[in-house]
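What follows draws every value from the coordinates through simple rules; no lab data is involved. Small disclaimer: the values here were computed from a predicted structure and weren't measured. Positions of Cβ are backbone-derived with ideal geometry, glycine not excepted, and every protein chain shown enters the neighbour counts.
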Ligand code: G1P
């Protein structure tokens, strides 16, 4: 069963989540950004197993080229292993000089339901939008546990015009 909610204006990822409030049950929920495709390995499954192991929130991540950091949400971290780390900093689209690493947020998140009350109180951030990244930052500062899941699948970025055009060709090879 798919239920749709609407944003009449582009007001950001956090605003979108607020529109879903009445459908979110339980302590955590999975959020997927539709313009980030991950194929070959099921990223959500990997994230659910990290969530079950740690009981914390989880964000999909991978290294991006340093010169592109200002296009992504960027993570700072500690306790890194091969496939995951504990997040201690989150910045939406930082300048290269402000980026804590070059591990980017890719659009898969397991978030705590309590993020809704943070979003409700939150002002507008970059570009006048209500960003989920800013609410995550607030929770990380309050010592809420967030883990980066360095996923194994193949990432296809459809968030740029070039990426969107190339993604059709890449996907056709997997069908
Ligand atoms: C969104 C998020 C950003 C994330 C990116 C992944 O940005 O705000 O933190 O790194 O998706 O694609 P957008 O691409 O919508 O500008």
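So for the chain, what percent of the C-alpha to C-alpha distances run longer than 20 Å?
Value for the chain (Cα pairs over 20 Å): 54 percent.
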Note to self: Which of rounded, prolate or oblate describes region 130-175 when judged by the alpha-carbon gyration tensor and an a/c cut-off of 1.5?
What the structure shows: oblate
Check: On average over all directions, what projected area in square nanometres does region 97-175 have, based on the convex hull of its Cα atoms?
Finding: 7.6 nm²
Next item on the list: Arrange the following residues from fewest to most other Cβ atoms within 10 Å of their Cβ: 54, 61.
Entry: 54, 61
Margin query: Taking R0 as 22 Å, what FRET efficiency do you get between residue 40 and residue 70 from their Cβ-Cβ distance, rounded to the nearest 0.05?
Written below: 0.20
Item checked: Residues 121, 47, 31, sorted so that the one with the fewest Cβ neighbours within 10 Å comes first -> 121, 31, 47
Check: At q = 0.13 Å⁻¹, what log₁₀ I(q)/I(0) does a Debye calculation on the Cα points of region 25-80 give, no solvent, two decimals?
Finding: -0.43
Checklist line | Part-to-part distance (alpha-carbon centres) for region 1-69 and region 127-155, which is given in Å | finding: 10 Å
Check: Taking the chain as a Gaussian network, where each spring joins two C-alpha atoms under 10 Å apart, which residue of 73, 14, 163 fluctuates the most?
Finding: 163
Note to self: What distance in nm separates the two pseudo spin-label positions at residue 162 and residue 88, each 7 Å out from Cα along the beta-carbon direction?
What the structure shows: 3.5 nm
Check: Which FRET efficiency value, to the nearest 0.05, do you get for residue 11 and residue 143 by plugging their Cβ-Cβ distance into 1/(1 + (r/R0)^6) with R0 = 30 Å?
Finding: 0.55
Item checked: Rg/Rh for region 26-118, where both radii come from Cα atoms and Rh is the Kirkwood radius -> 0.95
